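The values are calculated or read from the model by the stated rules, or taken from the named source; none is laboratory data. Every value quoted in this text rests on a predicted model; they were computed, and no experiment measured them. Cβ sites come from the backbone with ideal geometry, for glycine too, and all protein chains shown count toward neighbours.
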Amino acid sequence: MHMSDALISAAVGGTMLAATGGISTYSIKKIQDDMDEKKIPLMGVMGAFVFAAQMINFTIPGTGSSGHIGGGMLLAILLGPYAGFLTMAAVLLIQALFFGDGGLLAFGCNVFNLGFYTCFIAYPLVYKRFIRRGFNAKKIFLASMISVVLALQMGSFSVVLETLLSGKTELPFGTFLMLMQPIHLAIGIGEGLITAAVVTFVWRSRPEILEKSAAGEAFGNISMKKVLTVLIFSVILIGGVLSWFASANPDGLEWSMEKTAGTAELETPGGIHEVLSKIQDKIAFLPDYSFKAEVSGNEEEAEPSEEVWPAVDAGTSVSGIVGGVMTLGLVALTGVAISAVKRKKRKVSA
């Protein structure tokens with residue numbers, strides 16, 4: 001559900017960038033209450049995990065479409081809403097800048113759609129109500145499924161609303177909505193199962209992580225060696241190998257656009273859209289999670305190669321691992337900076 005710049009107007013893109021910036025600033029302020037040295041590595045590893053997991057599209061049977069996890073609810077559950085939102089913003093920034101996944105103008109929309117509804121609506125109002133009297137496997141499953149599905153429905157509706165406000169007549173509101181909501185309901189069920197599985201693993205390994213996150217408390221002396229080791233191994237496995245097995249079908253947004261407008265790619269307007277597109281093309285060194293294709297004089301004569309599955313590709317493996325490392329680094333750096341500010345404030349107040 002990564003929106004491209006062609007889907008939104010400059011006004012909508014600018015407004016959503018401002019909204020996301022405001023929420024990020026608020027999150028940075030609030031996260032200082034429960035930030036400690038234990039949370040920083042978990043934030044980084046979870047960011048890398050979500051980056052890698054988003055590379056795997058799973059097929060939605062009988063539709064010709066596919067979906068991937070958003071990861072916002074998983075981040076909120078394990079890190080808390082504020083750290084979860086900031087981590088999601090870092091994941092999407094790395095994807096947009098270096099892999100050309102999601103537009104730069106649409107960055108605020110994408111963070112809001114995938115991070116706000118999960119971290120600040122579905123997590124506190126749905127998930128926490130299920131687990132307020134304690135954790136067990138059944139509660140985790142139900143809470144994960146219902147909160148993920150509801151958050152994704154809100155996020156997909158937000159995409160439709162943003163295109164409407166941007167004046168995209170190629171995507172009539174009613175038709176686009178009636179395609180986006182059902183397909184993302186199916187995707188939400190798939191993501192809910194994945195979220196429940198990961199959360200259940202963490203609960204069985206270190207239940208204190210879930211308890212501390214739900215209470216908004218610092219992690220303290222919790223040992224995270226097992227959890228971090230398994231997650232790091234998962235990042236390498238998913239990004240380096242399992243990404244080859246991603247479905248070749250268009251994702252829910254692309255599928256809905258094709259059904260509505262007859263194409264998954266709208267024409268990019270000029271002006272700020274064109275400027276940002278050129279900037280993104282220059283920065284993205286692994287566009288579409290693969291090596292850049294060399295332009296040759298016989299490009300027009302070359303016949304398109306048949307898609308094979310699994311798509312064994314060194315570029316995909318490198319993208320998965322490099323992207324995971326970059327995300328881990330950015331998130332960890334964010335956590336360290338916030339911790340430094342927190343320590344400085346304590347010294348001043350002392």
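Scanning segment 24-71 for residues that are farther than 28 Å from residue 320 by Cα, without any contact (Cβ under 8 Å) to a residue 60 or more places away in the chain and not aromatic (Phe, Trp, Tyr), we see that the one that is surrounded by the most Cβ atoms within 10 Å (Cβ to Cβ) is 30. Out of 185, 171, one residue alone is out of contact with any Pro (no Cβ under 9 Å at 6 or more places or on another chain), part of a loop (DSSP other than H, G, I, E, B) and modelled with pLDDT of 95 or more. It is 171. Restricting attention to segment 242-298, the residues being under 23 Å from the mean Cα position of the chain (by Cα), farther than 26 Å from residue 13 by Cβ and of a type in the set (Ser, Thr, Tyr) number 3. Of the residues screened, residue 21 is one that is out of contact with any Cys (no Cβ under 7 Å at 6 or more places or on another chain), in contact (Cβ under 8 Å) with a residue 12 or more places away in the chain and either of a type in the set (A, V, I, L, M) or more than 15 Å from residue 234 (Cβ to Cβ) (or both). Suppose the filter is in contact (Cβ under 8 Å) with a residue 12 or more places away in the chain and either part of a helix (DSSP H, G or I) or closer than 20 Å to residue 91 by Cα (or both); does residue 191 pass it? So residue 191 passes the test.
Checking each residue of segment 81-99 against the condition of being under 10 Å from the mean Cα position of the chain (by Cα), closer than 21 Å to residue 283 by Cα and aromatic (Phe, Trp, Tyr) gives no match. Counting only helices (runs of 4 or more DSSP H) that sit completely within segment 1-117, those holding 2 or more residues that are in contact with a helix residue (DSSP H, G or I) (Cβ under 8 Å, 6 or more places away or on another chain) and among the aromatic types (Phe, Trp, Tyr) correspond to 39-53, 81-99.
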